[in-house]
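> Submitted below is the structure of interest, expressed as structure tokens.
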Amino acid sequence: MIRSSEPTAATRAVEEATFRTVVSSFPASVAVAAAYGGERVEPHGMTASSFLAVSLRPMLVLISVARSARLHAVLERQERYAVSLLDHRQAALARGFAGAPADRGRDAPEIHWREVSGAPVLEDACAHVVAEIRDRHRAGDHTLFIGEVRAMAPPARSATPLSYQQGRFGRVAADDDRWVGDLDPWGGPPCIVWG
Ligand SMILES: Cc1cc2nc3c(=O)[nH]c(=O)nc-3n(C[C@H](O)[C@H](O)[C@H](O)COP(=O)(O)O)c2cc1C
């Protein structure tokens, strides 16, 4: 889109609403990114769908964190973060770590952390990655925290991770008869892990 002049506040509001609609139509898996807060005592977690694998050699990942998020201030000081991929049954946790009011009564999710390689990982998550921060790139109102993988655990083959699309939680479930192990996003020999 080419603009001849600066957008008005009204035009910008419409464009931002369209942007939100478009980007939320791309299904995303849902994770909790976390790091230890001050003095390494209290883990601070945030629901995040921006987790991305960046490089295989070396193994680099990134998360994009809003500068207004509390985790942002934590990651300015900490050197490591963990990304725990949520299971589809953990939507309440995703809501809680996205700032939604706590669920009440017996539906309130219990939060259990464990330390893995210097970062807090959620117990019962499908999979996790712990990364040591190598680069902090300011990108608009977010910062990309690029980290080198220090620890990781793969999901069970039967795992069905939580997904988010157009304001709804769902689940990521592969079709059993659609194996494409001859294709590999990283190039090189085909992936043997799931074969
Ligand atoms: C499905 C989902 C994915 C999200 N992904 C991100 C993300 O990748 N980066 C981000 O900064 N905020 C993301 N958010 C928003 C934060 O989780 C939310 O603003 C949170 O309240 C920020 O943490 P804080 O309240 O501790 O500051 C996401 C929210 C949802 C519901």
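The values are calculated or read from the model by the stated rules, or taken from the named source; none is laboratory data. Keep in mind the model is a prediction, meaning the values are calculated, not measured. Cβ placement follows ideal geometry from the backbone for every residue including glycine, while neighbour counts extend to all protein chains displayed. For accessibility, only protein heavy atoms count, side chains too; no ligands or nucleic acids. Shrake-Rupley method; radii C 1.70, N 1.55, O 1.52, S 1.80 Å.
> Each residue of the stretch 54-66 in turn: what ³J(HN,Hα) in whole Hz from Karplus with 6.51, -1.76, 1.60 and θ = phi - 60°, glycine and Pro shown as x?
9, 8, 8, 10, x, 6, 10, 10, 9, 10, 9, 10, 4
> Then there is this: Once you have a ≥ b ≥ c as the square roots of the Cα gyration tensor eigenvalues for the stretch 21-60, tell me rounded if a/c is under 1.5, and otherwise prolate or oblate according to whether a/b is larger than b/c.
Oblate shape, in that a/c is at least 1.5 and b/c is the bigger or equal ratio.
> Take Leu183 and Ala156, extend 7 Å from each Cα along the Cα→Cβ direction, and tell me the distance between the two endpoints in nm.
Placing both labels 7 Å beyond Cα along the Cβ direction yields 2.8 nm.
> Here's a follow-up. With viscosity set to 1.567 mPa s and temperature to 4 °C, compute the Stokes-Einstein D of the stretch 30-82, Rh being the Kirkwood radius across alpha carbon pairs; µm²/s, no decimals.
Estimated diffusion coefficient is 111 µm²/s.
> Okay, moving on. Given the -39500 (n - 2.57) contribution per DSSP H run of 4+ residues, what per-residue ellipticity at 222 nm results for the chain, rounded to the nearest 500 deg cm²/dmol?
Taking each H run of at least 4 residues, the total per residue is -4500 deg cm²/dmol.
> Amide H to amide H under 5 Å from Ala48: which residues, 5+ apart in sequence or cross-chain, H placed 1.01 Å off N in plane?
Sorted by chain and number, the residues that satisfy this are Ala31, Val32, Ala33.
> With Kirkwood's inverse mean 1/r over C-alpha pairs for Rh, give me the Rg to Rh ratio of the stretch 111-195, two decimals please.
My calculation of the ratio gives 1.01.
> Which percent of Cα pairs goes in each bin when the distances of the chain are cut into 5 angstrom slices starting at zero?
Over the chain, the share of Cα pairs per 5 Å bin runs 1, 7, 13, 17, 19, 16, 12, 8, 5, 2, 0, 0 percent.
> Would you mind checking the stretch 35-62 for residues with the amide N under 19 Å from a putative spin-label position 7 Å along Cα→C-beta of Val149?
Residues 49-62 qualify, since their backbone N sits under 19 Å from the label point.
> Sort Met59, Met152 by heavy-atom solvent-accessible area, probe 1.4 angstrom, most to least.
Result, largest first: Met152, Met59.
> When only the heavy atoms of the protein chains count and the probe is 1.4 Å, how do Ile63, Ile111 rank by accessible area, highest first?
Ranking Ile63, Ile111 by accessible area, largest first, yields Ile111, Ile63.
> Per-residue counts of other Cβ atoms within 10 Å, averaged by peptide: what ranking do you get for 87-100, 121-134, highest first?
Packing proxy ranking, top to bottom: 121-134, 87-100.
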